[in-house]
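The values are calculated or read from the model by the stated rules, or taken from the named source; none is laboratory data. What you are looking at is a predicted structure, and each value in this text was computed from that prediction instead of being measured. Because the Cβ atoms are built from the backbone with ideal geometry, glycine has one as well, and the counts that use them run over all protein chains shown. Areas reflect the complete protein model, heavy atoms only, side chains present, ligands, DNA and RNA absent. Shrake-Rupley method; radii C 1.70, N 1.55, O 1.52, S 1.80 Å.
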Amino acid sequence: MFHVNVPIGLAIAAVLAVLLPAGPLASADRPRLDVLGAILVTSATASLIYALIAAGEQGWLSAVIGWLVLAAAVGYVLFVLWQRRARSPLMDVRLLARRPVAIGAFLIVMATALMIAVFFLGTFYFQHALGYGALQAGLLFLPVALATMLGANLTGRMLGRWGGRGLSVTGLVVAAIGMAAPAVSMNPVSVVAGVAVAAAGTGAMFVIASATALGQVAPHEAGIASGIVSTFHEFGASIGAAVVSSVAAASLTGTTLSGFTSGFTVAAVAAAVGAVAAALVTPGRRST
């Protein structure tokens, strides 16, 4: 799994060496590396993710989990304060105060957390509970990949006419329905079908999140806004894997299917709650 990335990385490096400009940036335009900001935000995120993972073993209301969450909160506060005074901040936090960027970040967190959660649960269900091999489990996820691309493609075509609000709500409702299928009936057919339907909804969310966050920022701010969306993309993936692994711990380490059912139930409920939130905060269609 790790070796296959080596030739791909070498090929990309060769292409970039040809396509990218060779000249360096002027020294006056080169920003400094925000080491302290990177340490603060990485430490805070690591503390929060570890708290979510350990909650399944330690208990959600245990003192250890509380201290970890508190440390994460303090770290994020210090990060924001430092970003306001740093000469070359790691992230322009002022952009997060803008409604479109903040909503885009929220939508990408929801989409990625839900996508990683169902992939995580589905993979463990096929390989751990049913004993399928990696190739067989991977082939069962082909409909999921196709559904993701279909949802993203259709959303891109309809976004200009429908606007982000209706499509984001629709995407999250579709995701909730898809995740509810394996929560109600746990078998290979319902898991593949349900995860594929959910993937169509999350695929739509990726397009809406990017368009919402980047559609109303100045050209010179597009790179920063895109970086914010990418950052929350990774954050959502970590949160999704951490929460669902904690909820489904009984099935990941044992022979019962109750953990998988609980995991899909939590994901379906989260998608439904996200749909309500998206209906309240996502901008509608912009008039031209």
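A few comments on the model shown:
- Correct option for Rg and Dmax of the Cα atoms in Å [calculated from the coordinates] among (1) 20.5, 61; (2) 23.0, 73; (3) 22.1, 71: (1)
- Residue among 55, 16, 66 farthest towards the positive dipole end of the chain, charges placed on Cβ: 16
- Candidates 18, 109, 169: whichever shows maximal mean-square fluctuation once the chain is modelled as a Gaussian network with Cα springs under 10 Å: 18
- Value of relative contact order over the chain, rounded to a whole percent, pairs C-alpha under 8 Å and six or more apart: 26
- Principal axis box of region 117-227, alpha-carbon based, largest edge first, Å: 51, 25, 18
- Mean separation of Cα pairs under 8 Å and 6 or more residues apart, divided by the residue count, gives region 84-216 a relative contact order of 39 percent.
- Here's the picture: charge each Lys and Arg Cβ at +1 and each Asp and Glu Cβ at -1 in region 53-180, and of 133, 145, 96 the one pushed furthest to the positive end of that dipole is 96.
- A Förster radius of 41 Å, combined with the Cβ-Cβ distance separating residue 273 from residue 10, puts the computed FRET efficiency at roughly 0.40.
- Longest exposed-site-free window of the chain, the sites being trypsin sites (Lys or Arg not before Pro) in a DSSP loop that have at most 13 other C-beta atoms within 10 Å: 88-285
- FRET efficiency, residue 158 to residue 17 (Cβ-Cβ, R0 45 Å, nearest 0.05): 0.70
- Top of 140, 114, 172 by mean-square fluctuation, Gaussian network on the chain, Cα under 10 Å: 140
- For the chain, the solvent-accessible area with a 1.4 angstrom probe is 54 square angstrom per residue.
- In range of the label at residue 38: residues from region 65-102 whose backbone nitrogen is under 20 Å from the point 7 Å along Cα→Cβ: 75-93
- The relative contact order of region 3-135, computed from alpha carbon pairs under 8 Å that lie at least 6 residues apart in sequence, is 20 percent.
- Accessible surface comparison of 34, 92, probe 1.4 Å, protein chains only, largest first: the order is 92, 34.
- Between 111, 277, 22, the Gaussian network model of the chain with springs among Cα atoms under 10 angstrom shows the greatest mean-square fluctuation at 22.
- Each Lys and Arg Cβ is given +1 and each Asp and Glu Cβ -1; about its Cα centre, the chain then shows a dipole of about 860 debye.
- Here the accessible area is traced with a 1.4 Å probe on the protein chains. For region 1-147, carbon and sulfur cover 72 percent of it.
- Cα-centred dipole magnitude for region 1-135, charges only on beta-carbon of K, R (+1) and D, E (-1), debye, nearest 20: 540
- Extension gain for residue 226-residue 81 works out to 50.0 nm (0.36 nm per residue, less the C-alpha to C-alpha distance).
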